[in-house]
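Here the structure is laid out as structure tokens; the discussion comes afterwards.
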Amino acid sequence: MRLAVLSDIHGNVLALQAVLADLNQIGGADAYWILGDLVALGPRPVECLDLIRDIHPAQVISGNTETYVLTGNIYLDTPNNEAEWRSWPDRLRQRLLDYSWTVSQLRTADYEYLRDLPAETTLTVPDYGKVIGFHGAPGDDEFNLLPSISDADILSHFQGYEGRLGFGGHTHLPMDRDLGSWRYVNIGSVGVPRDEARACYVIATFEGGKANIEFRRVVFDVEAVLTDFQQLNYPDIDYVTRFYRREW
């Protein structure tokens, strides 16, 4: 069985199209998972959702930015000093502009689609066992399972879950960690890869009771995405420029 796992598209239709073309070139997959952060902070949220709906058979879940888009409850790091607190109004204003713009692009049917997405997904693979998919960490779509975190700390987030392999996104940093009783794979980001300029996704091939994990990298035109933002009069060009050029 072959499972394609994507995450963190962020409204970047050029990157998503490039990944889907790569998938088609290698013969596709038996099943597809898309692990949240579908539309926010990208120039083409509607176009991305249209493409996502056409992927079959697919399990799609929500990420933390779906919550921001649907509710307006936007998470920001807690200020640690006077200077950070003084900058808080500008930071909050900018984030509200970003997410309000995304909302303005979406149709009612898009809102309903995002509203009804589950938070996690599971799959039982014959001769292998149970696989789980989430956005940030199991039970917490905001938590960053970063490469610097110890195996024990990562494993603590899997307590209470059944399975042997977990896929997540959120950090935009690919990672494959053998934790003993669990294996954790961060699949990176399709739309806004953080470690390099190419989109990243995973092909998991299950055979003979084992899972082979292949990270696939796909080129897309970052500057064309930024030009698209400008032509659409996106309200926070400075922020998305830093975001897409990996200056964060």
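None of the figures in this text is laboratory data; all of them are computed from the coordinates on show. This one's a predicted model, so the numbers in the text were calculated from it and none came from an experiment. Counting neighbours? That spans all protein chains shown, and the Cβs are built from the backbone with ideal geometry, glycine included.
Points to keep in mind about this one:
- The C-beta contact set for region 231-248 (first residue farther than 12 Å from Gly191 by Cα, second residue among the aliphatic types (A, V, I, L, M), distance under 6 angstrom, 6+ apart or interchain) comprises Pro235/Leu97; Asp236/Leu97; Thr241/Leu226.
- Residue that is nearest to the chain's Cα centre (by Cα), among those in region 168-202 that are of a type in the set (A, V, I, L, M, F, W, C), under 25 Å from Ala152 (Cα atoms) and part of a loop (DSSP other than H, G, I, E, B): Ile187
- Boolean, Arg53 is in contact (Cβ under 8 Å) with a residue 24 or more places away in the chain and charged (D, E, K, R): yes
- Those residues of region 75-107 which are of a type in the set (A, V, I, L, M, F, W, C) and in contact (Cβ under 8 Å) with a residue 12 or more places away in the chain, in sequence order: Leu76, Trp88, Leu92, Leu96, Leu97, Trp101, Val103, Leu106
- The set of residues in region 120-159 that are over 24 Å from Phe206 (Cβ atoms) and among the small types (Gly, Ala, Ser) comprises Gly136, Gly139, Ser148, Ser150, Ala152, Ser156.
- Filtered residue count, region 203-248, keeping only those that are closer than 19 Å to Gly168 by Cα and either in a helix (DSSP H, G or I) or touching a Gly at 6+ places or on another chain (Cβ under 6 Å) (or both): 0
- Output for region 148-167, where each listed residue is assigned to a loop (DSSP other than H, G, I, E, B) and without any contact (Cβ under 8 Å) to a residue 40 or more places away in the chain: Ser148, Ile149, Ser150, His157, Phe158, Gln159, Gly160, Tyr161, Glu162, Arg164
- Long-range neighbours under 7 Å by Cβ, at least six apart or interchain, first residue farther than 30 Å from Tyr128 by Cα within region 211-224, second in a strand (DSSP E or B): Phe220/Ala199
- Taken over region 169-194, the residue count meeting the criterion of being aliphatic (A, V, I, L, M) and in contact with a Leu (Cβ under 6 Å, 6 or more places away or on another chain) is 2.
- Enumeration of residues in region 223-248 that are out of contact with any helix residue (DSSP H, G or I) (no Cβ under 9 Å at 6 or more places or on another chain) and among the β-branched types (Val, Ile, Thr): Thr227
- Looking across region 156-167, the residues that are touching a strand residue (DSSP E or B) at 6+ places or on another chain (Cβ under 8 Å) and not acidic (Asp, Glu) come down to His157, Phe158, Tyr161, Gly163, Arg164, Leu165, Gly166, Phe167.
- Meets criteria (surrounded by fewer than 19 Cβ atoms within 10 Å (Cβ to Cβ) and either in a loop (DSSP other than H, G, I, E, B) or not charged (D, E, K, R) (or both)) for His10: no
- Scanning region 39-86 for residues that are farther than 28 Å from Asp221 by Cα, aromatic (Phe, Trp, Tyr) and within 18 Å of the chain's Cα centre (by Cα) returns a single hit, Tyr75.
- Qualifying residue in region 88-101 (condition: surrounded by fewer than 17 Cβ atoms within 10 Å (Cβ to Cβ) and under 18 Å from the mean Cα position of the chain (by Cα)): no
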